[in-house]
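What follows is a single structure, written as structure tokens, with notes after it.
Coordinate-derived values only; no laboratory data. All of these numbers come straight from a predicted model, not from anything done at the bench. We place every Cβ from the backbone using ideal geometry, glycine too, and count neighbours over all the protein chains shown.
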Amino acid sequence: MSTGALQPLPPLRTRWLGQQHEHHESLPSTNDRALAWVDARHGALVTADAQSHGRGRHGRSWHSPPGANLYASIVLRPPPVQARRPGLALAVGLGLHAALSRRVDGVGLRWPNDVVVAGRKLAGILCEARWQGEAAHVVVGFGIDVLPQPWPPELAAIATSLAQHAEHPIDRATVLVEVLEALEPCLDDFFAGGFAAVRERYEASCVSLGRPGWITDADGSRREVLPVALDADGALLVRGDHEGLVRIDAGELLPAP
Ligand code: BTN
């Protein structure tokens, strides 16, 4: 099974996404490089074959061994109004979902921004932004586990890779191009109309809805919730005990045991 080199990429049919591309054998973190790339154009792409300090959400590290997976970050330079819109990472998840669903069956979105298959995590998204006055430098980073690999013990029961579910050999570069081509229209929709423009599609792919889950709040406390829908800005709507629907703006949602 070929891992495929990430440079040069196969032909990329996007208008603006990934047309400027910098590839590295290894980086501390593609997000860090993309945040530091001050003259990158809107849509510029940073990839690496390995990361020494890959970052995940909630201060976690991101498992980034060489050659097995995709580690990519995109620089976005939206106008301030668009940069402040919530739900960007969810729209990115939708793009990843569209592309990865072409490769394997049963891909779903776990709110807010995990891509999962068979209950295990396949990809994660980390959005970060720096502001200089009113100019936003937004970075969208995503990691996709592509090839089978020895997982560290803490991931063995919760992570999976595309190749473990695919019928055909998987090539990292082809997957990356497919992701970029699926992501561009999702980002166009998001920047034009905010999360509301992609909400229906997100809900249709969201495996969190209608299933009891454990939400971990910012202060670390956990409670069981029943997610039923997404609000227009991407917040999770859960059914409360007595009241109607309750909004959850951020947090980590895991299936109830
Ligand atoms: C998560 O699910 O916790 C988000 C994981 C995001 C990982 C990617 S890999 C490429 C980019 N560079 C990083 O350091 N993190 C993101």
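Couple of notes before you dig in:
- Rounded if a/c under 1.5, otherwise prolate or oblate - segment 21-204, Cα gyration tensor axes: oblate
- A simple spin-label model places pseudo-atoms 7 Å from Cα toward Cβ; at Asp249 and Arg60 they are separated by 2.3 nm.
- Annotation: for a label point projected 7 angstrom from Cα along Cα→Cβ of Thr174, residues of segment 9-25 with backbone N closer than 20 Å are 9-14.
- Rounded to 5, percent antiparallel among DSSP beta bridges of the chain: 85 percent
- Net lengthening on full extension, Ala218/Trp16 (0.36 nm per residue, minus Cα-Cα): 69.2 nm
- Overall form of segment 117-243 per C-alpha gyration tensor (a/c, 1.5; a/b vs b/c): oblate
- Whether segment 37-119 is rounded, prolate or oblate, judged on the alpha carbon gyration tensor where a/c under 1.5 counts as rounded: oblate
- Inter-centroid distance (Cα atoms) of segment 98-145 relative to segment 186-201, Å: 15 Å
- Extension gain for Arg41 to Trp131 (0.36 nm times residue separation, less C-alpha to C-alpha distance): 30.8 nm.
- Fluctuation leader among Val246, Val139, Val92 - the chain, Gaussian network, Cα springs under 10 angstrom: Val246
- Distance between modelled label sites at Arg84 and Asp105, nm, 7 Å Cα→Cβ extension: 4.7 nm
- Taking 11 Å as the cut-off, no amide N atom of segment 123-138 comes nearer than this to a point 7 Å along the Cα-to-beta-carbon line of Ile158.
- Estimated from helices alone, the mean residue ellipticity of the chain at 222 nm is -6500 deg cm²/dmol (sum of -39500 (n - 2.57) over DSSP H runs with n ≥ 4, per residue).
- Whole-number percent relative contact order across segment 21-204, with pairs defined as alpha carbons under 8 Å at least 6 apart: 23 percent
- Pairwise FRET efficiency - Ala232 versus Trp151, Cβ, R0 = 25 Å, nearest 0.05: 0.10
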